[in-house]
Amino acid sequence: MDLFERLQGMKVLLVEDDQWVRDSLRRFFANENCALMVVETGEDGLEIIKGNGCDIIITDYRLPGMDGLEFLKRAQRINVPFKKILLTAYMTEPVISEAFRLGVHEFIEKPFTMEDLEEALVRVLEKKIIINGVGPVKTQ
């Protein structure tokens with residue numbers, strides 16, 4: 001099954017402060033007949049999650065207000081489980097360590113291509129998540 005066929009019907013959220021990246025990814029997903037919820041800040045992302053839940057969250061590390069890791073930490077309290085992809089130009093040891101502690105499934109280093117994103121999405125859809133110590137549970 002094609003990646004975008006698998007993503008149809010899934011709730012995918014992008015939290016990214018760069019308008020060009022948000023607009024580009026929104027158009028890219030729309031061209032593949034997939035919805036992408038897009039917000040600029042972690043605070044806005046939390047509001048989306050409260051109302052909709054999410055299957056996959058793609059977040060930038062550097063955001064206005066709370067950073068992407070703090071956003072993921074708070075999001076996990078609202079919406080469990082979901083797949084996590086971190087976009088960052090700051091691949092430092094502390095960022096990577098904290099991201100692994102939070103269960104980030106994939107890292108995409110900026111600048112990135114659509115192919116990088118597609119490959120990360122394919123990998124994240126293949127991963128299994130352990131829920132409350134029971135698992136692994138294959139997620140759709």
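The set of residues in the range 40-65 being over 21 Å from Asp23 (Cβ atoms) and out of contact with any Ser or Thr (no Cβ under 8 Å at 6 or more places or on another chain) consists of Leu46, Ile49, Lys50, Gly51, Gly53.
The set of residues in the range 96-106 being part of a helix (DSSP H, G or I) and either out of contact with any Leu (no Cβ under 7 Å at 6 or more places or on another chain) or aromatic (Phe, Trp, Tyr) (or both) consists of Ile96, Ser97, Phe100, Arg101.
No other residue among Arg27, Arg22 is in contact with a strand residue (DSSP E or B) (Cβ under 9 Å, 6 or more places away or on another chain), basic (Lys, Arg) and either free of Cβ contacts under 8 Å to residues at least 24 places away in the same chain or more than 20 Å from Leu86 (Cβ to Cβ) (or both) apart from Arg22. There is at least one residue in the range 63-70 that is assigned to a helix (DSSP H, G or I), farther than 23 Å from Glu118 by Cα and modelled with pLDDT of 95 or more.
The values are calculated or read from the model by the stated rules, or taken from the named source; none is laboratory data. Owing to the predicted nature of the structure, the values given are computational and were not obtained by experimental measurement. Don't worry about glycine lacking a Cβ; one is built from the backbone with ideal geometry, like all the others, and counts go over all protein chains shown.
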